[in-house]
Protein chains: 2
Amino acid sequence: MLGLKVMADSAPWITYRPGLKVLDCTIRDGGLINNHQFSDKLVRAVYETCVAAGIDYMEVGYKASPKQFSRSDFGPWKFCDEGVLNKLFSDHDEEKTGLKLTIMADAGKCDWREQIVPRQESKLAMIRVAFYAHQVSEAVQMIEHCHGLGYETCANLMAISTITDVEIDTVLAEIAKTHAEVMVIVDSFGNLYREQVDRLYARYSGAMAGTGKEIGMHAHNNMQLAFANTIEAIILGANRVDATMGGLGRGAGNCPMELLLGFLRNPKFKLRPVFGLLQDHIEPLKSTVEWGPFVQYNITGQMNLHPRHAIQFRATKEKDDYVKFYDQVGSDV
Amino acid sequence: MLGLKVMADSAPWITYRPGLKVLDCTIRDGGLINNHQFSDKLVRAVYETCVAAGIDYMEVGYKASPKQFSRSDFGPWKFCDEGVLNKLFSDHDEEKTGLKLTIMADAGKCDWREQIVPRQESKLAMIRVAFYAHQVSEAVQMIEHCHGLGYETCANLMAISTITDVEIDTVLAEIAKTHAEVMVIVDSFGNLYREQVDRLYARYSGAMAGTGKEIGMHAHNNMQLAFANTIEAIILGANRVDATMGGLGRGAGNCPMELLLGFLRNPKFKLRPVFGLLQDHIEPLKSTVEWGPFVQYNITGQMNLHPRHAIQFRATKEKDDYVKFYDQVGSDV
């Protein structure tokens, strides 16, 4: 990869674009499977792999409100208290490692005025604000608040396959006015085909034109298209892309880091440490949790449904009854 | 899907192209895992699913030379004797079912003058001729021979990621002169990214311009791109696409039929029977054979290597040692 001209006679897929940055969200998105109950050892292993692999950002979890979510039900990476970050990443050095730490703050689920401290007091470098279209006003406040505290900020509008173009445009116009450095295309339901990615990219980049903001891509793998849609966004010009180790993530999972780094040609990215992490830490997780493009996720992706339907069904004894699930979602939802 | 204009304001992914035909090669490609030792029951179940799902072609196996391949080592779908076909598909009615049966004949591995009988004496409607670039002269003879016997014919140039553009062009020029109805882009090593599919499609369709031939796509899933690359070829204009039930196929497997049919919008295609086949017949195969985009196939795909290296490694006790495999193929091959 990766040029902007698709049919160039030269081979854009064997050169690289220096401005393209990779974000690992293994712990943040993967934690949606297990209520963020990862061991320190695992989180630290992912961190060390990110450093060794040359990854640009690592998202270590959410800053969820402890008033809304019980600390006995959820692990530390749901809350990302500064004390927890200071302990596990005590030796973290942004400059030496080239890695920046980030968390996600959900509109409506984060006590952001209290939970987010000034950047110079935190291990974090960026706050990613996730929100649904109707929450855009709070998202703007959150972005500006975090920007004021010194952080890089990023706007993640979720569930875009369920809202109209005019709603998307309204959100984009609001985000364009903020200090957010990045606007991310988020395919929450794993529902997008290539032509839809193209159309959304044009919409997002058009709305951000002249602001200097980058476009990001966060894909889900319901239809085995997370990697392909990420490639597509990159070809179009996206310079911020999300991936997870082994594709770990809720439901069908995410764009696999091992595929993404294999595609990128920036010599700073290294695959070998990722394979080490996969065999030592990620594969073993499969004995307790599951993720991947199973048939039920194919179906919810095709039908543009929240993966929760598939997650619930796969937790039952009938999990291998594909026809039953197909009939159920076809008539019930 | 699927229009030809990517950025059309209308939504091409919710309409359909009537000329697009789907070929199921579950038994033919899947048989490479188990020496084509499928039971009659399984083959018949795939056949009935193809009929119920509205699939256009079913490829039931190879016509491999019994002089080169032992009948005790390989099952009946390696040879596809007319007697075997007549027995299992005794009731087959092309017109009533809308399904045509096909086999693959490999240049250099098929006694085609003896093994292929006139079409009116056979259940088969099409012969797909598979060949490497250096075998193109025999492939042309085979195509013309089969055409003379009354069959539709199809040219499948394999391993294109290992040959030069001038070699591809030479082959295409020879095939353009034949009676083959279809020229298939075959990504044997699962090595192609989107931009490469675009470039090959332009090359193939340019060479076939004015001949009335269709372009086909046969993708492998080493990098989780089989479905995406098939979509890409379709957007560009490919009207013949290959898929397998559950993605069953050698190594990483193929484009999954359940994803492809979910993408196509031709109302004649039905997904429900495919899900039934998957749960009753394909999933149970996983207790004896494996296929899918495992890490070793990611690596051979990225490195443009034949999947045999990965297949051999995954048959050893060290199959979960990804780093060892990565180091091995990086230095040995």
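The values are calculated or read from the model by the stated rules, or taken from the named source; none is laboratory data. What you are looking at is a predicted structure, and each value in this text was computed from that prediction instead of being measured. Don't worry about glycine lacking a Cβ; one is built from the backbone with ideal geometry, like all the others, and counts go over all protein chains shown.
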Unique residue being within 23 Å of residue B:282 (Cα to Cα) and in contact (Cβ under 8 Å) with a residue 12 or more places away in the chain when the list is A:249, A:276, A:292: A:292
Flagged in segment B:292-328 as within 22 Å of the chain's Cα centre (by Cα), part of a loop (DSSP other than H, G, I, E, B), within 14 Å of chain A (Cβ to nearest Cβ) and not aliphatic (A, V, I, L, M), in numbering order, are B:292, B:293, B:294, B:304
Which of (1) in contact with a Gly (Cβ under 8 Å, 6 or more places away or on another chain); (2) within 14 Å of another protein chain (Cβ to nearest Cβ); (3) closer than 24 Å to residue B:34 by Cβ does residue B:227 not meet, given it meets every other one? (1)
Does segment A:137-144 contain at least one residue that is hydrophobic (A, V, I, L, M, F, W, C), modelled with pLDDT of 95 or more and under 30 Å from residue B:195 (Cβ atoms)? no
With the structure loaded, tell me whether residue B:283 is acidic (Asp, Glu), out of contact with any Asp or Glu (no Cβ under 9 Å at 6 or more places or on another chain) and modelled with pLDDT of 95 or more or whether it fails that test. no
Any hit, segment B:293-301, residues being under 30 Å from residue B:176 (Cα atoms), crowded, with 20+ Cβ neighbours inside 10 Å and out of contact with any Asp or Glu (no Cβ under 6 Å at 6 or more places or on another chain): yes
Collect the residues in segment A:139-154 that are surrounded by fewer than 17 Cβ atoms within 10 Å (Cβ to Cβ) and in contact (Cβ under 8 Å) with a residue 24 or more places away in the chain, keeping them in residue-number order. A:144, A:150
Suppose we filter B:11, B:64 for residues that are modelled with pLDDT of 95 or more and either away from chain A (no Cβ under 14 Å) or surrounded by fewer than 20 Cβ atoms within 10 Å (Cβ to Cβ) (or both); which single one remains? B:64
Find all pairs meeting these conditions: Cβ atoms under 8 angstrom apart; at least six residues apart or on different chains; first residue within segment B:66-82 and farther than 16 Å from residue B:30 by Cβ; second residue among the basic types (Lys, Arg) and in a helix (DSSP H, G or I). B:69/B:78
Condition set buried (at least 19 other Cβ atoms within 10 Å of the Cβ) and outside any helix (DSSP H, G or I), scope segment A:271-291, selection farthest from the other protein chains (Cβ to nearest Cβ): answer is A:291
Could you tell me whether segment A:19-36 includes any residue that is of a type outside the set (Ser, Thr, Tyr) and over 30 Å from residue A:272 (Cβ atoms)? yes
Looking at the structure I just gave you, is residue B:29 surrounded by fewer than 20 Cβ atoms within 10 Å (Cβ to Cβ) and either in the same structural domain as residue B:220 (by TED's automatic domain parsing) or modelled with pLDDT under 95 (or both)? no
Mind checking which residues of segment B:28-61 are of a type in the set (Val, Ile, Thr) and within 19 Å of residue B:98 (Cα to Cα)? B:43, B:46, B:49, B:51, B:55, B:60
Segment A:89-121, residues that are surrounded by 18 or more Cβ atoms within 10 Å (Cβ to Cβ) and of a type in the set (Asp, Glu): A:106
Just one of A:222, A:191 is out of contact with any Asp or Glu (no Cβ under 6 Å at 6 or more places or on another chain), facing another protein chain (nearest Cβ under 10 Å) and not aromatic (Phe, Trp, Tyr); which is it? A:222
Mind listing whichever residues of segment A:84-112 are part of a loop (DSSP other than H, G, I, E, B), of a type in the set (A, V, I, L, M) and without any contact (Cβ under 8 Å) to a residue 24 or more places away in the chain? none
Given the conditions (1) farther than 17 Å from residue B:158 by Cβ; (2) among the polar types (S, T, N, Q); (3) in contact with a strand residue (DSSP E or B) (Cβ under 6 Å, 6 or more places away or on another chain), which single one is not true for residue B:102? (1)
